[in-house]
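The values are calculated or read from the model by the stated rules, or taken from the named source; none is laboratory data. Values in this document were obtained by computation on a predicted structure and should not be read as measured data. Cβ coordinates were reconstructed from backbone atoms using ideal geometry, including for glycine residues, and neighbour counts include every protein chain displayed.
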Amino acid sequence: MEPFQSHRGVIATLDRANVDTDQIIPKQFLKSIERTGFGENLFFDWRYGEDGKPNPDFELNQDHFNGASILITRNNFGCGSSREHAVWAVRQYGFKAIIAPWQERDGTHVPAFADIFRNNAVKNGVLTIELTESEVEEIFEMVARFKRLEATIDLEEQRVTLHLDEEISFHFDIDPVVKDHLQRGLDDIALTLEYERDITDFETRHDIQMPGGAPA
């Protein structure tokens, strides 16, 4: 997994709340077990018309969002089923980070992202950033006013900076463990391999048997 330190890119907006994983990558594209080819089908039902041609009314089909690598959207992104393919599609499309707002409802903190989606994102090197509703609204307004607006996301400083004549910055919180894994580019397999010597030593001492009776 590619380490995430700092990233600068064009911001694209998706002004929709409760975007579920079937909208991110519809079920008909889940037949492959390979982690490739999903980006072209991201938001398929919104991006394309019945004739298979790009839908000109869909936000991400606008010319000024070409090549965008930072997505800003609304609350509860990635809800629905647990399919990891949703994150694969986001990543393969070119998005390295997603920004969404958390909400306060009746004294309860409501996260910006569904838990399983957020956890899958970490495993695939996609940074999910929670900001307040007012901060997200300000970014939406700035993107609407300034075409091809770019931002820099500094993971070490935990800061999103909009590159305007007078730059605007927003601080975000992140779990220290998640931050460390993203900065070092460690997915679950890489984390396990950090203990490869200990695992091998354990297997040697305990004469671990593989299925079928063969020694490990």
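Please specify each residue of the stretch 1-42 satisfying the condition of being in a loop (DSSP other than H, G, I, E, B), touching a residue at least 12 places away in the same chain (Cβ under 8 Å) and over 25 Å from T152 (Cα atoms).
N18, I25, P26, L30, R35, T36, G37, F38
Restricting attention to the stretch 65-85, does a residue exist that is among the charged types (D, E, K, R) and more than 22 Å from G125 (Cα to Cα)?
No, because not a single residue in the stretch 65-85 is among the charged types (D, E, K, R) and more than 22 Å from G125 (Cα to Cα).
Would you check which residues across the stretch 165-199 are modelled with pLDDT of 85 or more and of a type in the set (D, E, K, R) and list them?
D165, E166, E167, D173, D175, K179, D180, R184
Condition first: in a helix (DSSP H, G or I) and either in contact with a Gly (Cβ under 9 Å, 6 or more places away or on another chain) or of a type in the set (K, R) (or both). Now tell me which residues in the stretch 136-179 satisfy that.
Passing the criteria: R145, K179.
If I ask for residues that are free of Cβ contacts under 8 Å to residues at least 12 places away in the same chain and either more than 25 Å from the chain's Cα centre (by Cα) or not in a loop (DSSP other than H, G, I, E, B) (or both), which ones from the stretch 48-65 would you list?
Y48, G49, E50, D51, G52, K53, P54, D63
Show me the strands (runs of 3 or more DSSP E) found entirely inside the stretch 70-125 where at least 1 residues are hydrophobic (A, V, I, L, M, F, W, C) and buried (at least 23 other Cβ atoms within 10 Å of the Cβ).
70-72, 97-101
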